[in-house]
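Since every read-out is calculated from the coordinates, none of them should be taken as a lab result. Predicted model, so just to flag it, every value in this text is computed and none were measured. Quick reminder, even Gly has a Cβ in these numbers, built from the backbone with ideal geometry, and neighbours come from all protein chains shown.
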Amino acid sequence: MRLSRKHSMTQRADFSTVRQNGRAKAGRFVVLSTLEEPGLEHLMVGIITTRKVGKAHDRNRVRRRIRAIISRHGDHLDGQRRFLVTIPRPGCADATYAELEKDWLKQARRLSLLPQPGES
């Protein structure tokens, strides 16, 4: 799945709606929040990276990695009409791509966004 601009969450109200009404799961490196919204045309993705994650170059690298993870596994999410917000936690800048991907996938499975390993 290619993450185009139309898939980006830009409105502050959308982020707060997901925060207040959605479900969230926290892992070691990321917090994943989601809210199903039947009125949407497609998946809407947002990434919130605070200064606690690290310096600017660390935050940018973490955002690039998360976008790559979502692009790589987004085919399973394509067609779902929901908001999906990923919040990197402090310390994730020191994680490898594989560790970050593993944690993101674990949280997505806990939220029932992706099939469990062994399922189709």
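Here are the numbers:
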{"quantity": "Cα-based reach from residue 25 at 16 Å (exclusive), listing lysines while leaving out same-chain residues under 8 positions away", "calculated": "102, 106"}
{"quantity": "Net dipole in debye of the stretch 5-110 [+1 Lys, Arg Cβ; -1 Asp, Glu Cβ; about Cα centre; nearest 20]", "calculated": "380 debye"}
{"quantity": "Cα gyration tensor, the stretch 5-110 - rounded (a/c under 1.5), prolate or oblate", "calculated": "prolate"}
{"quantity": "CD proxy at 222 nm, helix term only [per DSSP H run n ≥ 4: -39500 (n - 2.57); per residue of the chain; nearest 500]", "calculated": "-11500 deg cm²/dmol"}
{"quantity": "Segment residue 110-residue 11, length gained on full extension (0.36 nm per residue, minus Cα span)", "calculated": "33.0 nm"}
